[in-house]
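Enquirer: A single structure is presented below for examination.
The values are calculated or read from the model by the stated rules, or taken from the named source; none is laboratory data. From a predicted model like this one, the values you see are computed outputs, not experimental measurements. Glycine also receives a Cβ, built like all others from the backbone with ideal geometry; neighbour counts cover every protein chain displayed. Surface accessibility is based on the protein's heavy atoms, side chains included, excluding ligands, DNA and RNA. Shrake-Rupley method; radii C 1.70, N 1.55, O 1.52, S 1.80 Å.
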Amino acid sequence: PEGEFTCDDGQCVTMEQRCDQLSDCRDKSDEVGCQLLVLEKSYNKKVPPITSVSPSDRTIVPVPVNISISVLKIVSMEEVLHKIELQFGITLEWKENRATYQNLKEKTSLNALTDEEVRALWLPHVIYANTDMKEAVQLDDGVPPTTTTIVVTREGNFTRSGIEVTDETEIFEGKDNRLMMYQTYTKSFQCQYHLHRYPFDTQV
């Protein structure tokens with residue numbers, strides 16, 4: 001029936017039970033072939049997601065990337081050296097309009113990308129200008145550290161695969177569903193003070 005997945009042995013389960021890390025088919029076939037990210041062969045991860053203004057106006061519009069930072073702990077403060085070491089988490093959110101996703105769940109934690117999928121994907125590059133080495137948010141040699149998580153948030157509607165596909169699949173467009181990358185860091189920041197008016201000014 002519509003909205004159900006056919007197990008290899010003929011049993012039916014709901015599509016929400018497909019690829020949810022819990023075996024609902026007697027033969028466990030609902031947890032087989034659970035690819036989340038699908039990219040075209042022409043996909044170039046060196047190029048960020050872009051769109052054009054309209055079909056007639058081919059002016060390139062870069063994808064917006066939302067950034068939020070939460071301070072978890074002040075590790076140390078060095079007044080003489082004007083340095084502060086922080087433990088913090090950074091969240092980056094964007095949409096990859098060149099991608100499609102399969103069988104997204106309402107619970108975002110179930111939509112986590114595998115290491116292999118992460119390595120195939122374009123990722124934002126953020127530089128901390130006030131660190132000693134101009135350090136950046138990035139993956140080391142394309143492999144995410146243990147503190148990195150990338151998930152897809154289910155927001156848009158889906159279409160169902162046609163009869164030419166063996167397994168029933170719910171297909172979500174990348175332009176309608178956000179990618180969210182979360183990383184935790186401990187970094188030392190250089191504070192810049194302008195003291196020529198001290199103590200008759202305010203420092204942030």
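Enquirer: Go through the stretch 28-44 and give me each residue that's hydroxyl-bearing (S, T, Y), surrounded by 14 or more Cβ atoms within 10 Å (Cβ to Cβ) and free of Cβ contacts under 8 Å to residues at least 40 places away in the same chain.
Expert: Once the filter is applied, which keeps residues that are hydroxyl-bearing (S, T, Y), surrounded by 14 or more Cβ atoms within 10 Å (Cβ to Cβ) and free of Cβ contacts under 8 Å to residues at least 40 places away in the same chain, the stretch 28-44 yields only S29.
Enquirer: Additional query: Out of V71, V47, V80, V75, I need the residue that is part of a strand (DSSP E or B) and loosely packed, with under 11 Cβ neighbours inside 10 Å. Which one?
Expert: Step by step, each of V71, V47, V80, V75 is checked, and only V71 is part of a strand (DSSP E or B) and loosely packed, with under 11 Cβ neighbours inside 10 Å.
Enquirer: Among the numbered conditions (1) outside any strand (DSSP E or B); (2) open to solvent by less than 50 Å² (accessible area, probe 1.4 Å); (3) under 21 Å from V118 (Cβ atoms); (4) hydrophobic (A, V, I, L, M, F, W, C), tell me where C25 comes up short.
Expert: Status for C25: all satisfied but (3).
Enquirer: Additional query: For the stretch 181-193, check the following and say yes or no: at least one residue is surrounded by fewer than 17 Cβ atoms within 10 Å (Cβ to Cβ) and among the aliphatic types (A, V, I, L, M).
Expert: no
Here is a yes/no grid of residues against (1) at pLDDT 90 or above; (2) over 22 Å from P49 (Cβ atoms); (3) in a helix (DSSP H, G or I); (4) of a type outside the set (D, E, K, R):
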position	(1), (2), (3), (4)
E116	yes, no, yes, no
A129	no, yes, no, yes
P145	no, yes, no, yes
R154	yes, no, no, no
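Enquirer: Pick out the one residue from D20, D8 that is closer than 19 Å to L179 by Cα, in a loop (DSSP other than H, G, I, E, B) and touching a helix residue (DSSP H, G or I) at 6+ places or on another chain (Cβ under 9 Å).
Expert: After applying the criteria, what remains is D20.
Enquirer: Does at least one position in the stretch 8-17 carry a residue that is among the hydrophobic types (A, V, I, L, M, F, W, C) and open to solvent by less than 50 Å² (accessible area, probe 1.4 Å)?
Expert: Within the stretch 8-17 (the criterion being among the hydrophobic types (A, V, I, L, M, F, W, C) and open to solvent by less than 50 Å² (accessible area, probe 1.4 Å)), the answer is yes, since at least one residue qualifies.
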